[in-house]
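To start, the structure under review is shown below, and the notes come after it.
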Amino acid sequence: MLDPKKIAELKQEHGDVYSLTVGGSEFVVKAPGDGEWYRFLDLSSEAKKRTRALRLLVESCLLHPSKDEFESLLAKRPAIAMTLGNKLCELAGLEEEATVKKL
């Protein structure tokens, strides 16, 4: 876990930050902004490219651990990128369901 001082620094630099825990590893991310989100959509336009696009979305929003540490984790557990990417999609506002009512 990051120390409070480092978390404060990340908040100062990036605004809201989030902690995601997957398989016992903690990741600190920022929510995708407009640029990261549309880049993800462009890259994932074909179903077969979605996995790669999710990984790139994570890499563009990952604040902790370092890129090298993240790559090391992916070498052992490559699906972590998909799990984190899906959570980032939620942070960007993507919802599985919407409520519809006739007006």
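The values are calculated or read from the model by the stated rules, or taken from the named source; none is laboratory data. Given the structure is predicted, the values throughout are model-derived calculations rather than measurements. Because the Cβ atoms are built from the backbone with ideal geometry, glycine has one as well, and the counts that use them run over all protein chains shown.
Please go through the stretch 1-35 and pick out each residue that is without any contact (Cβ under 8 Å) to a residue 40 or more places away in the chain and surrounded by 16 or more Cβ atoms within 10 Å (Cβ to Cβ). So that I can check it myself, show each step before the final result.
The first filter runs over the stretch 1-35 and keeps only residues without any contact (Cβ under 8 Å) to a residue 40 or more places away in the chain, leaving 1, 3-5, 7-9, 11-13, 15-16, 19, 21, 24, 26, 28, 30, 33-35.
Answer for the stretch 1-35, where residues must be without any contact (Cβ under 8 Å) to a residue 40 or more places away in the chain and surrounded by 16 or more Cβ atoms within 10 Å (Cβ to Cβ): Ile7, Val28, Lys30.
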Of all residues making up the stretch 73-85, the number that are over 17 Å from Val28 (Cβ atoms) and either surrounded by 11 or more Cβ atoms within 10 Å (Cβ to Cβ) or at pLDDT 95 or above (or both): 4
Leu41, sole failed condition from (1) of a type outside the set (Ser, Thr, Tyr); (2) within 10 Å of the chain's Cα centre (by Cα); (3) part of a helix (DSSP H, G or I): (2)
Considering residues of the stretch 13-38 that are within 14 Å of the chain's Cα centre (by Cα) and part of a loop (DSSP other than H, G, I, E, B) only, the residue farthest from Cys89 (Cα to Cα): Asp16
Cross-chain or 6+ apart pairs with Cβ under 7 Å, the stretch 65-89 first and touching a residue at least 60 places away in the same chain (Cβ under 8 Å) and of a type outside the set (Phe, Trp, Tyr), then assigned to a helix (DSSP H, G or I) and surrounded by 17 or more Cβ atoms within 10 Å (Cβ to Cβ): Leu84/Val58
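Go through the stretch 59-72 residue by residue and tally those that are over 10 Å from the mean Cα position of the chain (by Cα) and surrounded by 17 or more Cβ atoms within 10 Å (Cβ to Cβ). Can you show your working first?
The first filter runs over the stretch 59-72 and keeps only residues over 10 Å from the mean Cα position of the chain (by Cα), leaving 64-72.
Add one more test, that the residue is surrounded by 17 or more Cβ atoms within 10 Å (Cβ to Cβ), and what stays is 64, 70.
Number satisfying all stated conditions: 2.
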Close pairs from the stretch 48-59: first small (Gly, Ala, Ser), partner loosely packed, with under 15 Cβ neighbours inside 10 Å and modelled with pLDDT under 95, Cβ under 9 Å, at least 6 apart: Ala53/Leu41; Ala53/Asp42; Ala53/Ser45
